[in-house]
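The values are calculated or read from the model by the stated rules, or taken from the named source; none is laboratory data. Please read these numbers as outputs of a predicted model, since none were measured by experiment. Neighbour counts are summed over all protein chains in view; Cβ atoms, including those assigned to glycine, are modelled from backbone coordinates with ideal geometry.
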Amino acid sequence: MKNMSKLTMDISQILKLFKDAGKLKSIKRSGWKQHRIPEPESVADHSFRVAFMSMVLADRLNVDALKLMKMGLIHDMAESMTGDITPDCGISHQEKHVMEKEALLELFGKLPDGSEFVDLWLEYEENKSPEARALKNIDKFEMAFQAVEYQEEYNDKDLSEFISSAHSNIDMPEIFSMLKQLIKK
C-alpha cells in the first residue's frame, strides 16, 4: 500500500509538470513581442525547433543526441514560471539564473528522477559539456533562423540585432557555416 501512495504522488507531480510545460505554449517570446511581430512564436515553438535541430545535428557535432535533445527540451522550461526574461527586462544575468534555478527546483524537485533534469539545465547554463556548448550554439542559430523567417514575412521590421547576436555568439564552425548560408539567402 505504501508504494501505491508514492505512485499516486508521482503521477500527481508528473501531471502538474505536464501542465506547467503546457504553459510554454502560451508564453510568447519577448524579443519578438518587443519588435511588434504579429502573433510571435511561443517558448514551446522555439523549444520544439531547438530539440528538432538537436536531433538532426547531434551526430554531425559528435555529441550525445539523447542528452542534447533532453537539454533542448528543458533549456527554457523555467520560463513556464518566470516568463521569458530578456536583457531588456532589467534583470541581471545572475538574478535570472537564480530565478530560473528556483523555478526548475520547484518544477522537478518532487519527481524521483527530477535532479537529472535540473542537473542537465545547470550543465547547459554553465556550458559544462560538449552538449551544452552545442545547445548554446543551436539555441542562437534557431533564434537567427526565426529572425530570418520573420524578416521575410515582415520586411518593414529590422531584426538584424538577432542575426548579429547569433553571429557573435555561435562559436562552432559547423553551425556558424549554416548561419552564414542562412543569411546569404
Taking Lys128 as meeting all but one of (1) under 30 Å from Leu15 (Cβ atoms); (2) not in a helix (DSSP H, G or I), write down the number of the exception.
(1)
For residues that are assigned to a helix (DSSP H, G or I), among the hydroxyl-bearing types (Ser, Thr, Tyr) and farther than 16 Å from Lys180 by Cβ, tally how many sit in segment 141-162.
1
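So that you can scan it fast, the table gives a plain yes or no per residue for (1) surrounded by fewer than 20 Cβ atoms within 10 Å (Cβ to Cβ); (2) at pLDDT 95 or above; (3) within 24 Å of Asp64 (Cα to Cα); (4) hydroxyl-bearing (Ser, Thr, Tyr):
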| position | (1), (2), (3), (4) |
| --- | --- |
| Met99 | yes, no, no, no |
| Glu102 | yes, yes, no, no |
| Ser115 | yes, no, yes, yes |
| Val118 | yes, yes, yes, no |
| Trp121 | no, yes, yes, no |
| Ser129 | yes, yes, yes, yes |
| Leu135 | no, yes, yes, no |
| Gln146 | no, yes, no, no |
| His167 | yes, yes, no, no |
Which ones in segment 49-75 are free of Cβ contacts under 8 Å to residues at least 24 places away in the same chain and either polar (S, T, N, Q) or within 19 Å of Glu125 (Cα to Cα) (or both)?
Ala51, Ala65, Leu66, Met69
Might you check whether a residue that is surrounded by fewer than 21 Cβ atoms within 10 Å (Cβ to Cβ), assigned to a helix (DSSP H, G or I) and touching a residue at least 24 places away in the same chain (Cβ under 8 Å) occurs anywhere in segment 84-92?
yes
Going through segment 15-41 in order, the residues found to be small (Gly, Ala, Ser) and buried (at least 19 other Cβ atoms within 10 Å of the Cβ) are Gly31
